[in-house]
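> Here it is, the structure, as structure tokens.
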Amino acid sequence: MTSWSPLLALFLVIPLVGAVLTPVVSDSSGRRSWGWAVFIMSVTSAMSVSLIVRVLEEGPFSYVIGGWVAPYGIELRFDEFSASVAIVCLLGLLAIVFSRHYAPQALTPERIPYYYTLLLLNLTGMLGFIVTGDLFNLYVFTEILSLSAYALVAISGEKTAEMAAFKYLVMGAVSSLSILFGVGLLYALTGSLNMADVTSRLAGTAHAPLVMAFAALTLGFMVKAALFPLHIWLPDAHAIAPSPVSAVLSGLVVKIGILGMLRVYQMAYGSGAIDLSGLNLTLTWLGAISIVMGAFFAVFQDDIKMMLAYSTISNIGYIVMGLGLASSYSLIGASVHVFNHALIKATLFLGAGALIHQTGQRTLTGLAGIGRSMPFTTAAISIGAISIVGIPPTAGFLCKWYIALGALEAGEPIFAVALVFGALLIFIYYIRMVNAFYFRKPQDAGAPAVHEAPLTMLVPVLILAALCLIMGILGRLPLSFIEPAVTRLLTPLGGG
Amino acid sequence: MEVVDARVAIAPAISLLCAALVFAAADHTFWRRFFSLSAALAKLIIVMSMLPGALKGVVYTFDLVEFTPGVGLAFRADALGMFFAVVSSTLWLFTSIYAIGYMEREPNRRRFFGFFALCVSTTVGVAFAENLLTLFLFYETLTICTYPLVVHDETPEAMRAGRTYLAYTLTGGAFVLLGSIWTYQLAGTMTLSQPGILTMEAGRTTLTALFVCLIAGFGVKAAIMPLHGWLPTAMVAPTPVSALLHAVAVVKVGAFGVLRTIYNVFGVDLLQELGVCDWLAALAGITIIAASVIAIFQDNFKRRLAFSTISQLSYIVLGAALLSPLAATAAIVHIANQAFAKITMFFVAGSIQRTTGKTAIHEFAGIGYRMPYTMGAFTVAALSFIGIPLFAGFVTKWYLSLGALESDQWIYALVMLGSSLLNAAYWLPIIYTAFFKSPREDALVHEAHWTMLGPTLLCAAYVLLLGMTVSVPGMPFALAQAAVKFVFGM
């Protein structure tokens, strides 16, 4: 271990402590708590950059808490998949910046500092989830981020929000329990909680409990990822939460389910102790159904955030289908989309948030003709829409390209067809949206003039929209992380 | 000889820049016109500057960006692409001038001309696409950019037509994408620079399925029956847009895609072995006749033009599907011949509508006295479609019939003959109505504004030139021949 490693621990401690201190530091001033949250997240983002630079130069590295060596102590591990902390930090930072004017309008003043506390806690949970090398901590961080997410959904205090949060809580609690059960079984089987260690001990353990353990983990993570038919909590929760929270939930929190799945796969493929073909087939089909069902429900929504929420279900479908197809192309596609969908969906949710903030309208009917008065926001949303449909050269294209190629590689052209035509269905409702913005006359001409959103909203949205384009054109960039990681994933016990 | 030259990338990009400037110009009429015209003109100049080289056999290439290894945007101006680019950029200038006159008093002109300029960009992008992905990208972008033009009037009828248009073309686009991915998976490349990249190793069933996939995708825009439903519906758009859809951009990129699929993805030899082109030729033959029969019964002028377009486009598809060098020549030159004749007709339809407000053919009695030049131009285009020697359409019919005989499929020579008769049956009555029926109103000469009449007459002149000399300056027959030689390995 080089002298750099403690940075990995600080990387979690700083946002955690920052979150807890927010109400104290801000002295119940919304403005000051915003400044503090921005500061904490900026520091964390800077650290994430230096960590990623290091993983690129040296490959995966670890930090051992308290100096206890791997199987016994708690290990923090930073590998290529962990590079996803960059996207967590970026989106977290932008969502917080965006909240400056949004939060005072959506929340009562005394709740604002707690809003930032919860948001920072949620982000810490995700960062921890990504860098931990330990199964029990995986569970702990899952709970941190889930609990803060329930609270964030409910934070506006409206009846509908509380209902949505409750639904989310019930489903979330069951899934957490399922994950804990899986972790417990693995511990009972192998006597270890360190993931690398578990992997090496799995071979030769009893088959039935092992299957049960992986099934429990998969089930738990799939609820978190909102895969059909476990998606029912998602639309309400994501649509009703304040928009910056929706962006974080839809862009990042559901991906935790996916990243958890990748961890499970790392163990399963690495040990070679279990045959995943049945699971893979199930996931592929569920993914395909998710794509179509999500798109199908989205077509009938009039509420713009509801539409975006269903679109998330479709996109999770793409990712899960990529995982299930389990060829190197499709895994690359799925992993790339974990990043890119986060960018795209954050663009859309923050953009929608800006529209709602400025107009007070959240239906397509109410937002008709808004393109004339808020040209920048709607342009950004349009870029997001084009990306999510997957038209080159935007960020959404790579995922579709690779997953479809993976489906053909795996000899399953039917899934390539499902993918392409699912994208077509998705296109339909984004066209409805763009149509409403640009080609429909505003509802009532007498309404007060609407202005473009303030800069703290507009700038994050525009940055994200630009990234949607840049990540499409520079598609090689994420691949440089993902290709070695996927290769390692598919090679039994090849992990360095 | 291949030369790396940024001009192939600049040609689409410059119109993109101008489109941005049109949007930025907001409501300044002068600047909007200035940038619209400079979009068309700048592109024409760049394309034409590559023409001398292309005629000498130089192929210009430029790799713009690679998303991931082997997958990226790249441009390449081979003979076929150059031919298409020259035709579309020449016509674009005419259409832009015409559109400025036609759209004089319409609302939302900024949006209209912005997207209009974007369409120039994408069409040339299609022409110069080096691989299927680039082709797909511009093919889809064209769909998106033409949508605001189709729904320009924002009436419920226009919105409905827009939806139909999108439903058809986006589904087609999905097939193209699927076909592109599949091609990449089978061949390991998507390049369009070879005379065929697939081999029989992939298996007969797979190749047939892939062929159907790609042809169905491109066939939507090429309006091969039964995929033609969007085209007559989209007639609700302003006339310059119809001209754009029918003559220059949309339908032609479809036909161009079919040519690329047959010549550069599969290759003539493979298709001969596979035998699927017989079916495509049959489908094209049926479309030619059926669309013409339907056209006879249309009283709305633009609808009659629409069905004529469907029929004419299948000439190109048929020429390609016959897999003989002479028929291929016909297919390629028909891109130009159909374009100039059909755009003349649409210009005429628009001029009549703007000047007299008439859209139905039975109202055209005596209109030849009122608008003699306009109707004269129409007559030239009509005679070309019928296939009278000295007019452009004759060249196509001649080569296509020869090609049909060359490949021992004389039935298609009969189709050509039948199509000529049907064309006569639906064009000549219009000429008769216009010139020989007595005028019901006072017969003062009242022509359209010069911005509309000028392009109409120029296009009509091109139709004559193309028919008389085959090799009109700027419309090089030699390019078509070079493309055919490359494809057939001669």
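> Taking the Cα centroid of region B:183-243 and of region A:295-339, what is the distance between the two, rounded to the nearest whole Å?
With region B:183-243 and region A:295-339 each reduced to a Cα centre, they are spaced 27 Å.
> Find which of B:Leu210, B:Val268, B:Ile431 sits farthest along the positive direction of the dipole of region B:2-488, computed with +1 on the beta-carbon of Lys and Arg, -1 on that of Asp and Glu, about the Cα centre.
The Cα lying farthest towards the positive end belongs to B:Ile431.
> Based on Cβ point charges of +1 for Lys and Arg and -1 for Asp and Glu, what charge dipole magnitude is obtained for region A:6-490 about its Cα centre, in debye rounded to the nearest 20?
780
> In units of 2.2 N^0.38 Å, what is the alpha-carbon radius of gyration of chain B?
Rounded to two decimals, the normalised Rg is 0.91.
> Place +1 on the Cβ of every Lys and Arg and -1 on the Cβ of every Asp and Glu in the protein assembly as shown, take the dipole about the Cα centre, and give the residue among A:Gly172, A:Phe78, A:Leu202 whose Cα lies farthest towards its positive end.
It is A:Gly172, whose Cα lies furthest towards the positive end.
> Considering the Cα trace of region B:1-88, what is its radius of gyration and what is Dmax, both in angstroms?
Final numbers for Rg and Dmax: 15.1, 47 Å.
> Now, a different point. Once you put a point 7 Å from the Cα of B:Ser438 and another 7 Å from the Cα of A:Ala173, both along the Cβ direction, what distance in nm separates them?
Calculated label separation equals 9.3 nm.
> Using modelled amide H (1.01 Å from N, peptide plane; none on Pro or chain starts), what sits under 5 Å from the amide H of A:Asn194, excluding residues fewer than 5 places away?
It is A:Leu135, by chain and number.
> With +1 on the Cβ of every Lys and Arg and -1 on the Cβ of every Asp and Glu, and nothing else charged, how large is the dipole of the protein assembly as shown about its Cα centre, in debye rounded to the nearest 20?
The calculated dipole for the protein assembly as shown is roughly 1800 debye.
> Show me A:475-483, B:70-78, B:119-127 ranked by packing, highest mean number of other Cβ atoms within 10 Å first.
Ranked by mean Cβ neighbours within 10 Å, highest first: B:119-127, B:70-78, A:475-483.
> Given H placed 1.01 Å from N in the peptide plane, which residues other than close sequence neighbours of B:Leu64 have an amide H under 5 Å from its amide H?
Placed amide hydrogens put B:Leu73, B:Ala74, B:Phe75 under 5 Å from B:Leu64.
> Would you mind pulling out the separation of the Cα centroids of region B:290-357 and region A:212-269, in Å?
54
> Roughly how tilted is helix B:29-55, in degrees to the nearest 10 and between 0 and 90, from the longest Cα axis of chain B?
40
> If you add up the charges near A:Ser176, with Lys and Arg at +1 and Asp and Glu at -1, over every other residue whose beta carbon is less than 14 angstrom from its beta carbon, what do you get?
Surrounding charge for A:Ser176 is 0.
> Run the numbers on chain B and let me know its relative contact order in percent, using alpha-carbon pairs under 8 Å that are six or more apart. Spell out each step's value before the answer.
Numbers: 913 pairs, mean separation 73.5, N = 490.
The value is 15 percent.
> Remind me, relative contact order of region A:6-490 in percent, using alpha carbon pairs under 8 angstrom and six or more residues apart?
Over region A:6-490, the number comes to 14 percent.
> Now, a different point. Could you work out the Kirkwood radius for region B:263-312, taking every pair of different alpha carbons, averaging 1/r and inverting it, reported in Å?
Working: mean 1/r = 0.0806 Å⁻¹.
One over the average 1/r among Cα pairs gives 12.4 Å for region B:263-312.
> Can you list the lysines whose alpha carbon sits under 27 Å from that of A:Lys224, skipping same-chain ones fewer than 8 residues off?
A:Lys159, A:Lys167, A:Lys255, A:Lys305, A:Lys345, A:Lys400
> Under the definition of Cα pairs under 8 Å and six or more residues apart, what whole-number percent is the relative contact order of region A:227-377? Working shown, then result.
Working: 175 pairs, mean separation 46.9, N = 151.
Contact order relative to length: 31 percent.
> Give me the lysines in straight-line cross-link reach of B:Lys397: C-alpha distance below 23 Å, same-chain residues under 8 apart excluded.
Correct list for B:Lys397: B:Lys221, B:Lys252, B:Lys342, B:Lys485.
> Which value does Rg/Rh take for region A:144-273 over its C-alpha atoms, Rh per Kirkwood?
1.06
> Compute from the Cα atoms of the protein assembly as shown the Rg and the Dmax, the latter being the longest Cα-Cα distance, and quote both in angstrom.
Cα radius of gyration and Dmax of the protein assembly as shown are 30.8, 105 Å respectively.
> What number do you get for region B:233-333 when its Cα radius of gyration is normalised by 2.2 N^0.38 Å, N = residues?
1.16
> Next question. Express the C-alpha Rg of region A:6-490 as a ratio against the empirical globular expectation 2.2 N^0.38 Å, rounded to two decimals.
0.93
> Counting Lys and Arg as +1 and Asp and Glu as -1, what is the net charge of the other residues whose Cβ lies under 13 Å from the Cβ of B:Gly319?
It works out to a net charge of 0.
> Moving on. For the protein assembly as shown, with the dipole built from +1 on Lys and Arg beta-carbon atoms and -1 on Asp and Glu ones, taken about the Cα centre, which of B:Leu465, A:Tyr139, A:Leu355 lies farthest toward the positive end?
Positive-most Cα among the choices belongs to B:Leu465.
> Work through the residues other than B:Gln481 whose Cβ is under 15 Å from its Cβ and net out their charges, Lys, Arg +1 and Asp, Glu -1.
Within the 15 Å Cβ shell, the charges total +1.
Each reported figure results from applying straightforward, stated rules to the coordinates on display, with no laboratory input. On a predicted model such as this, the values are computed, not experimentally measured, just so you know. With ideal geometry, Cβ positions are generated from the backbone for all residues, glycine too; neighbour counts draw on all protein chains shown.
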